[in-house]
Amino acid sequence: MNAIAARKSIRKYKAEDVKKEDIETILRAGMLAPSAKNRQPWKYIIYTGAAKKNLLDVMERGLYRERDGERRLPNSQHGLPDAFHTLRIMRQAPVLIMIENTNGQSPYREIDPEQRITEICDTLSIGASVENILLAATELGYGTLWIANTCFAYEELTASMGTKGQLVGAISLGVASEHPSPRPRKDFSEVVEFRQE
Ligand SMILES: Cc1cc2nc3c(=O)[nH]c(=O)nc-3n(C[C@H](O)[C@H](O)[C@H](O)COP(=O)(O)O)c2cc1C
């Protein structure tokens, strides 16, 4: 409960590195998550240093292409300024964890209902794994940001990474240089309903 309450999205990081053994501990927490049919459909690719810089330059090119060139997500253009902001955060954080659904495929390909159900279960499993990662990082004193804005540069990123599955997002990891207040939550009564008989 302590780590659950302490975790907050961190959008400002110190330059300080994250110890390799801590990265491993954090990712092992992710591997302990439950998964549908125990498929463990996650893969985590860790970028630091020049590899991170190069990948984020690729993401930036994708964001500019989405803004000024061929738009793949035309109804989501309002989200682009936030994506550029997320990119700045990813550049500041010393560690970038890219998250792949190894059973998934590009969201630009059509899938049938059965494939969609499998994809939902795999996505949920990866979400559980990501939350374990965020909580383990919190307990070790690090800050994290769960990121989905990679979607705007989907094809550029997957081509650069050589991803065979589906890129589902990323996590920024590092030592926080901000301590934000908890973000608001909906009322308990709005999200929970008890039913008897
Ligand atoms: C699937 C997912 C994707 C997210 N993507 C982004 C993102 O791309 N950029 C960002 O700044 N925050 C992102 N967030 C963080 C949310 O904005 C944040 O969790 C929410 O506002 C609640 O704040 P808290 O994490 O501090 O409790 C994402 C969170 C989730 C769960």
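Throughout, read-outs are computed from the coordinates displayed, never taken from laboratory work. Keep in mind that what you see is a predicted model, and the values were worked out from it rather than measured. Positions of Cβ are backbone-derived with ideal geometry, glycine not excepted, and every protein chain shown enters the neighbour counts.
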How much of the DSSP bridge set in segment 2-177 is antiparallel, in percent, rounded to the nearest 5? 95
For segment 45-113, run through the chymotrypsin sites (Phe, Trp or Tyr not before Pro) and keep only the ones in DSSP coil with at most 14 other Cβ atoms within 10 Å of their Cβ. Tyr108
Of Gly49, Asn75, Val192, which is farthest on the positive side of the dipole of the chain, counting Cα position, with +1 on Lys and Arg Cβ, -1 on Asp and Glu Cβ, and the Cα centre as origin? Gly49
Applied in sequence order to segment 145-150, the curve 6.51 cos²θ - 1.76 cosθ + 1.60 (Karplus, θ = phi - 60°) yields integer Hz couplings, x standing for Gly and Pro, of 9, 7, 10, 10, 5, 4
With the contact rule set at Cα under 8 Å and sequence spacing of 6 or more, what percent relative contact order holds for segment 2-177? 42
Mind putting a number on the dipole of segment 17-88 about its Cα centre? Charges go on the C-beta only, +1 for Lys and Arg and -1 for Asp and Glu, and I need it in Debye to the nearest 20. 280
Residue list for segment 65-86, given a label point 7 angstrom along the Cα-to-Cβ vector of Ser160 and an amide N cut-off under 12 Å: 65
Shape call, segment 93-197: gyration tensor on alpha carbons, a/c limit 1.5: oblate
Could you give me the radius of gyration and the Dmax of segment 2-177, taking only the C-alpha atoms into account and expressing both in angstrom? 15.9, 46
Can you work out ³J(HN,Hα) from phi for every residue in segment 96-109, in order, using Karplus 6.51 cos²θ - 1.76 cosθ + 1.60 and θ = phi - 60°, giving whole Hz and x for Gly and Pro? 10, 10, 8, 10, 10, 8, 5, 8, x, 9, 4, x, 7, 9
